[in-house]
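Participant: There's a structure below that I have some questions on.
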Amino acid sequence: MTAALQQAIKLLPLSRLELIERIQQEMLENPFLEEVPTTEESDNELAQKETAETPLDDGRQDFEVDWEVYLREEGSYENFPTENGREVPSLEATISNETSLTDYLLWQLSLSVQSDLGKQIGIYLIGNIDENGYLTCQVEEVSEIFGVPCAEVKDILEIIQGFDPVGVGARDLRECLLIQLQQLDMDASLASCIIRYHLEQIDERHFRKIAKTLRAPIEEVLAAVRVIRELDPKPGNRYLSSRVEYIVPDVYVVKVGDDYQIMLNDDDVPKLNINAQYQRLLRRDNGLQEDAKDYLEEKFRSAVWLVKGIEQRRQTLLKVSKSLCIFQRDFLDQGLAYLNPLVLKDVADDIGMHESTVSRVTTNKYIHTPQGVFELKFFFHSGLKSFEGDVMSSVSVKDTIRKMVGAEDARKPLTDQQLVAMLEDKNINIARRTVAKYRQELHIPPASRRRRLFDA
């Protein structure tokens, strides 16, 4: 496998952002690479600009570079820019960061605990609180580390458990919910009693059994359960980064008349060109040292390979996208229920490429269609045969199951066997174990867990 082919293959699975970063890095390291101007400039303007920046004395003088110095300093870093004799901070250093859960708790600790030892214990405890707000270490462990009684560690922990967000520092779900009820002055409430002794039964919806055990009216139990469901089981989550990662499609599919047009999204992707001055310098070979010449030749080859590799990546992505749209025309026209089963080999045979190439180019790529934005790999999945011999997409079958469960009577949820029978009515031949597998993949609990006897 040639070096050029290796580089082209490495470019295929890169996401759009990774490709942009790769190009920008290569432009910094390779003098032969330059970005094609995005503004429309006439040939005369470009020529005047080039002449003004690098005078060639009517073409009789070569562009002179001290390659010995360049090679010796290549890879070294400039000093940080200064302003009035002081270092100017980087852009990253000037951007404000969101307050993390740990920082917020440490700030509250500094205001609540005065002794140095107490602060050290508090810092250790806060350092062992996970992103959900739960303490992940044992009080006994902290007691041994600091050589203090467990009661002293518990005192600091109780202080932390009184911090915002309410419920933070708990050692399990039960303690987390009880702390929140305590803050609401509901220590002696029915909801508190249910959490202490019947928390597991809430999930199983054994409300009548709970009411009988606690000798409480069913209505009061249901009201208490509603209160419990308003509590936050993961109080630390609100301090997770709230920045939204937006997906920028690599391919756009637009319907024009009765056909679909496929367009690649090249916005913000630098368009590269080979620097003409360095090419002339390499061709003229004006007494360059051997190491300087080898360096230029290696960088020139690398630049050419990169430019060709990027274009090959574009063309491959375009071919695969066009093929996908042909195979999934029904989906584009009518939606998810009409998604056709498809494997890598189908597309590979259609465009005359290897399956591994199709797999690489569909990795980390997104396509914008009239039905929404999808990852390219979304369109590859197995199929199921109907009773009439037709093949139906497994994704479509899952969507059908999801809709059936969504429309069921909550008091009489559909069992897996009932789902099998309903799918048969839709001419879908599927085993019960497959229905159970798809249901689990859709994060739908079994019928016994979905049954709702009361409106709570």
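Participant: Output the residue which, of all residues in segment 394-426 that are among the charged types (D, E, K, R) and part of a loop (DSSP other than H, G, I, E, B), is modelled with the highest pLDDT.
Facilitator: 408
Participant: In addition: Return only the number of the condition from (1) in contact (Cβ under 8 Å) with a residue 24 or more places away in the chain; (2) under 26 Å from the mean Cα position of the chain (by Cα) that residue 263 does not satisfy.
Facilitator: For residue 263, the failing item is (1).
Participant: Can you tell me which residue within segment 348-361, out of those that are in a helix (DSSP H, G or I), aliphatic (A, V, I, L, M) and touching a Lys or Arg at 6+ places or on another chain (Cβ under 9 Å), is surrounded by the most Cβ atoms within 10 Å (Cβ to Cβ)?
Facilitator: By that ranking, first place goes to 358.
Participant: Okay, moving on. Counting only residues that are surrounded by fewer than 13 Cβ atoms within 10 Å (Cβ to Cβ) and assigned to a loop (DSSP other than H, G, I, E, B), how many does segment 205-227 have?
Facilitator: Residues in segment 205-227 being surrounded by fewer than 13 Cβ atoms within 10 Å (Cβ to Cβ) and assigned to a loop (DSSP other than H, G, I, E, B): 2 in total.
Participant: If you don't mind, another one. I'd like to verify a number: residues in segment 427-456 that are assigned to a loop (DSSP other than H, G, I, E, B) and within 30 Å of residue 222 (Cα to Cα), how many?
Facilitator: Number satisfying all stated conditions: 11.
Participant: Here's another thing I want to ask about it. Identify, from the list 448, 382, 386, the residue that is under 30 Å from residue 318 (Cβ atoms), modelled with pLDDT under 90 and of a type outside the set (A, V, I, L, M, F, W, C).
Facilitator: 382
Participant: Tell me the residue from 334, 315 that is exposed (fewer than 14 other Cβ atoms within 10 Å of the Cβ), at pLDDT 85 or above and closer than 19 Å to residue 249 by Cβ, please.
Facilitator: 315
Participant: Inspect all residues belonging to segment 149-157 and state whether any of them is part of a helix (DSSP H, G or I), under 18 Å from residue 233 (Cα atoms) and under 35 Å from the mean Cα position of the chain (by Cα).
Facilitator: no
Participant: Which of the residues spanning segment 362-373 are surrounded by 18 or more Cβ atoms within 10 Å (Cβ to Cβ) and closer than 17 Å to residue 335 by Cβ?
Facilitator: Correct list: 367, 368, 369.
Participant: Still on this structure, I have one more. Cβ-Cβ under 6 Å, sequence separation 6+ or interchain: first residue in segment 299-317 and part of a helix (DSSP H, G or I), partner of a type in the set (Phe, Trp, Tyr) and at pLDDT below 95. Which pairs?
Facilitator: 299/32; 300/32; 303/32
Participant: Moving to a separate point now. Tell me which of these residue 333 doesn't satisfy, since it passes every other one: (1) over 13 Å from residue 380 (Cβ atoms); (2) of a type outside the set (Val, Ile, Thr); (3) in contact (Cβ under 8 Å) with a residue 12 or more places away in the chain.
Facilitator: It is condition (3) that residue 333 fails.
Participant: Here is a further query. Being in a helix (DSSP H, G or I), surrounded by fewer than 16 Cβ atoms within 10 Å (Cβ to Cβ) and in contact (Cβ under 8 Å) with a residue 40 or more places away in the chain is the filter here; which residues of segment 18-39 pass it?
Facilitator: 18, 20, 24
The values are calculated or read from the model by the stated rules, or taken from the named source; none is laboratory data. All figures in this text were calculated on a predicted structure; none of them were measured in a lab. Reconstructed Cβ throughout: ideal geometry from the backbone, glycine too, with neighbour counts over all protein chains shown.
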